[in-house]
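Novice: Would you mind keeping the following structure in view while I ask a few things?
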Amino acid sequence: MIFDLEQFIADCRNAVQADPSHVATQEVVARAVADPGAVLAALGEPRRAVLEKIHSAPDLTILNVVWGAKMTILPHDHRMWAVIGVYTGREDNIFWRRLPTTDGRGIEAAGARALSVKDAVPLGRDIIHSVTNPIPRLSGAIHVYGGDFFQAGRSEWDPEWLSERPVDVARTMRLFEDANAT
């Protein structure tokens, strides 16, 4: 099978137009990562940690996310649904829930899921999660979002105090660069 990136984008766009929920898009992503070798051939073997924009529109964002070895991203939300399809390595997600407290701690761990090669998993629009690549090599995943991933208004949580703050895109991008420096 050949993974045609332009056809994948078109299929995702058609899926969102046919069904604005994640359901049809998850099927598209699942078909793609069912042949991880074809995805690797099209995107290239990961050489460095990167958050690469493949497609961006108000109703759909597609990213190639390559996690650095042992890399971890802070708890954050998307405020839109997402579908994650792993094509090499692994991506471990910790899911968090908001707390109704006033002590500054805004979230607590509520579950987890390890994603491996060929997994295509949806995340709901209200999900808060952190991501870790638990293995000592690069891991790659296609992330598809039902909206503009780069929109303002998303949140992340401080890793020590678990207090909410606005997403700092520059800080996130530095995490990818820091992963490349190690």
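The values are calculated or read from the model by the stated rules, or taken from the named source; none is laboratory data. Fair warning: this is a prediction, and the values are worked out from it, not measured in the lab. Note that we place each Cβ from the backbone using ideal geometry, even for glycine, and neighbour counts take in every protein chain shown.
Novice: Can you name the residue in the stretch 84-136 that is acidic (Asp, Glu) and more than 24 Å from Ala24 (Cα to Cα) and, of all such residues, is surrounded by the fewest Cβ atoms within 10 Å (Cβ to Cβ)?
Specialist: Filtering first and then ranking leaves Asp103.
Novice: Now for a separate question. Is there a residue in the stretch 160-169 that is at pLDDT 95 or above and β-branched (Val, Ile, Thr)?
Specialist: Within the stretch 160-169 (the criterion being at pLDDT 95 or above and β-branched (Val, Ile, Thr)), the answer is no, since none of the residues qualifies.
Novice: Evaluate the following for Ala152: is it over 30 Å from Ala15 (Cβ atoms), aliphatic (A, V, I, L, M), surrounded by fewer than 15 Cβ atoms within 10 Å (Cβ to Cβ) and at pLDDT below 95? Spell out how you get there, then give the answer.
Specialist: On the way: over 30 Å from Ala15 (Cβ atoms): no; aliphatic (A, V, I, L, M): yes; surrounded by fewer than 15 Cβ atoms within 10 Å (Cβ to Cβ): yes; at pLDDT below 95: yes.
It is false that Ala152 is over 30 Å from Ala15 (Cβ atoms), aliphatic (A, V, I, L, M), surrounded by fewer than 15 Cβ atoms within 10 Å (Cβ to Cβ) and at pLDDT below 95.
Novice: Checking Trp96 against (1) assigned to a strand (DSSP E or B); (2) free of Cβ contacts under 8 Å to residues at least 40 places away in the same chain; (3) over 12 Å from the mean Cα position of the chain (by Cα): exactly one of these is not met. Which one?
Specialist: (2)
Novice: Of Arg171, Arg125, Arg165, Arg113, which residue is basic (Lys, Arg) and touching a Lys or Arg at 6+ places or on another chain (Cβ under 9 Å)?
Specialist: Of the residues listed, the single one that is basic (Lys, Arg) and touching a Lys or Arg at 6+ places or on another chain (Cβ under 9 Å) is Arg125.
Novice: Restricting the first residue to the stretch 138-154 and requiring it to be aromatic (Phe, Trp, Tyr), which pairs with a second residue that is surrounded by 23 or more Cβ atoms within 10 Å (Cβ to Cβ) and not in a strand (DSSP E or B) meet a Cβ separation below 9 Å and a spacing of at least six or different chains?
Specialist: Hits for this filter: Tyr145/His78; Phe149/His78.
Novice: Which one of these is touching a strand residue (DSSP E or B) at 6+ places or on another chain (Cβ under 7 Å), of a type in the set (A, V, I, L, M), more than 21 Å from Ala152 (Cα to Cα) and free of Cβ contacts under 8 Å to residues at least 24 places away in the same chain: Ala112, Ala120?
Specialist: Exactly one of Ala112, Ala120 is touching a strand residue (DSSP E or B) at 6+ places or on another chain (Cβ under 7 Å), of a type in the set (A, V, I, L, M), more than 21 Å from Ala152 (Cα to Cα) and free of Cβ contacts under 8 Å to residues at least 24 places away in the same chain, namely Ala112.
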